[in-house]
Structure formats: C-alpha cells, structure tokens
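Here the structure is laid out as structure tokens; the discussion comes afterwards.
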C-alpha cells in the first residue's frame with residue numbers, strides 16, 4: 001500500500017520535471033547565452049538538492065516498477081512481494097550511496 | 001443465516017472487445033516502456049551527471065557536442081517519446097482515479113493530451129532542427145569542432 005503511494009507521488013513529480021526539462025533544453029534552439037543562463041540555475045545549491053531528490057524519485061520509481069512487473073509475472077514474486085519491498089529500498093540505498101557523494105563533490109567541492 | 005442482499009441494479013458488463021483491449025495495451029505498454037526507460041535514463045544520468053565534470057560540465061557546448069551526433073539525437077528522441085507517453089498514461093490513470101466530476105475530468109484529460117503532444121512536438125523539433133554552431137554566436141560558447149567551419 002505504501003509503495004503504491006510512493007509510486008504515484010514519484011511518478012507525478014517526475015512527469016512535471018520532464019515537462020520543465022524539455023522546455024529548458026529547448027532553449028538550445030534560442031541561443032547559447034539563453035541556455036547557459038537558465039541551466040546555470042541548476043548548478044546552485046538549492047537545485048543541487050532538488051536534483052538529488054529527482055535522482056532519488058527516479059531510482060525508487062524504477063526499482064518499484066521492476067517489483068510490480070515481477071509480482072505481475074511470477075507467482076514466486078507474488079508470494080514474496082513484501083520481501084521484495086525491502087529489496088527495493090536496499091537497491092535504492094545502494095544507488096544513492098553511489099550517486100550522492102559524487103554529485104555533491106561536483107556541485108559543492110568544485111571538483 | 002442471513003440472506004444475501006438482492007442486486008437491484010447490477011453494473012453493466014464491460015465490453016472487453018474495445019475498452020478491455022485498450023486497457024490491456026496500456027498495461028503492456030507501461031511495463032515495456034518502463035523497462036526500456038530504466039536503461040535509457042540510467043545511461044542519460046551517468047553520461048550527464050556522474051561522468052566527467054558532472055553537473056558543472058552542462059552548458060551549450062556540452063549539449064551541442066552530444067546532439068551533433070545522430071546517435072544521441074535518436075537516443076534522446078526515443079527517451080522523449082517513451083517518457084512522455086509513459087508519464088502521460090500514468091497521469092491519465094491518476095486523473096481517472098481522482099477527478100470524479102465530469103467537467104473536471106474532461107478539463108484535466110484535455111490539458112494532459114495537449115501538454116503531451118506539445119512537449120513531444122517541441123522536443124522532436126529541437127532535436128532534429130538544432131544547429132550546434134549557430135552563426136553570429138560567441139565562439140567561446142560553442143563546441144570546439146565549430147572552429148573547423150568558420
């Protein structure tokens with residue numbers, strides 16, 4: 001039940017980001033200056049955190065999506081669907097532990 | 001023993017030949033596109049945010065360098081279509097679940113359809129009409145291969 005809520009909220013958030021992301025990338029068609037100005041905002045500390053949230057939302061939605069596919073397809077997965085929720089969170093933790101230090105070093109460390 | 005209540009107005013049987021088929025395709029599409037999007041977005045995020053200089057490397061020259069290659073044009077095109085249809089289909093389910101008033105349901109459904117089409121058309125135009133070396137632009141902002149043309 002909670003994973004259903006997580007799947008919906010992350011899905012809706014990603015959809016709205018996708019619209020904004022296509023619009024900001026469309027600025028490459030306007031001028032290099034326009035694109036660089038707008039994309040420069042993505043490099044501020046606030047957006048660095050929002051990007052971390054975005055990667056978190058995509059990872060959760062992706063892993064839980066795989067769980068939904070498995071539960072629909074195989075009875076063994078249906079029997080163990082609660083245990084699979086734990087695997088979703090473990091996979092999510094591994095991705096974030098890999099991504100966050102790298103991303104924060106890029107954004108804050110000047111690396 | 002208590003008696004089961006009599007059904008006065010049973011629901012109409014759903015026509016599985018039309019509505020059922022559409023829902024089945026939407027169900028299959030959501031799963032197939034979802035699996036493909038995991039691979040595409042993992043590559044997209046790795047190339048743009050993890051490798052090299054991460055978020056700091058993203059500027060016009062970086063994007064122009066990528067989109068000058070047909071591989072990335074078609075990669076981004078596939079990702080754009082699959083993501084917008086997958087997301088639009090998911091949003092349709094959310095609207096169907098919560099927007100119960102007919103006028104609200106119709107308004108949101110049409111807003112979603114228009115948004116989805118506009119974003120797909122805009123994104124496709126940008127990907128395939130894009131010039132990585134626009135004339136009269138500041139050369140310092142362009143990818144390095146643009147020098148060969150000037």
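Brief remarks on what is shown
- The range A:69-111, residues that are within 11 Å of chain B (Cβ to nearest Cβ), farther than 28 Å from residue B:54 by Cβ and in contact with a helix residue (DSSP H, G or I) (Cβ under 7 Å, 6 or more places away or on another chain): A:69, A:70
- Residue check, residue B:86 within 30 Å of residue B:28 (Cα to Cα), within 15 Å of the chain's Cα centre (by Cα) and surrounded by fewer than 18 Cβ atoms within 10 Å (Cβ to Cβ): no
- Wholly enclosed helices (runs of 4 or more DSSP H) of the range B:51-150 bearing at least 1 residues facing chain A (nearest Cβ under 7 Å) and at pLDDT 90 or above: B:70-98, B:102-129
- Pairing each residue of the range A:17-30 that is without any contact (Cβ under 8 Å) to a residue 24 or more places away in the chain and facing chain B (nearest Cβ under 7 Å) with any residue that is outside any helix (DSSP H, G or I) and surrounded by fewer than 18 Cβ atoms within 10 Å (Cβ to Cβ), provided the two are 6+ apart or on different chains, yields C-beta distances under 9 Å for A:28/B:130; A:29/B:130; A:29/B:131.
- Top-ranked residue in the range B:55-76 [being without any contact (Cβ under 8 Å) to a residue 12 or more places away in the chain and over 23 Å from the mean Cα position of the chain (by Cα); ranked as farthest from residue A:40 (Cα to Cα)]: B:57
- Residue match in the range B:40-47 (condition: more than 11 Å from every other protein chain (Cβ to nearest Cβ), under 20 Å from residue A:107 (Cβ atoms) and either in contact (Cβ under 8 Å) with a residue 40 or more places away in the chain or surrounded by fewer than 16 Cβ atoms within 10 Å (Cβ to Cβ) (or both)): yes
- Check on residue B:37, within 30 Å of residue A:69 (Cα to Cα) and buried (at least 17 other Cβ atoms within 10 Å of the Cβ): yes
The values are calculated or read from the model by the stated rules, or taken from the named source; none is laboratory data. Computed from a prediction, not measured in an experiment: that's the story for all the values here. Heads up, the Cβs are rebuilt from the backbone with ideal geometry, glycines too, and the neighbour counts pull from every protein chain shown.
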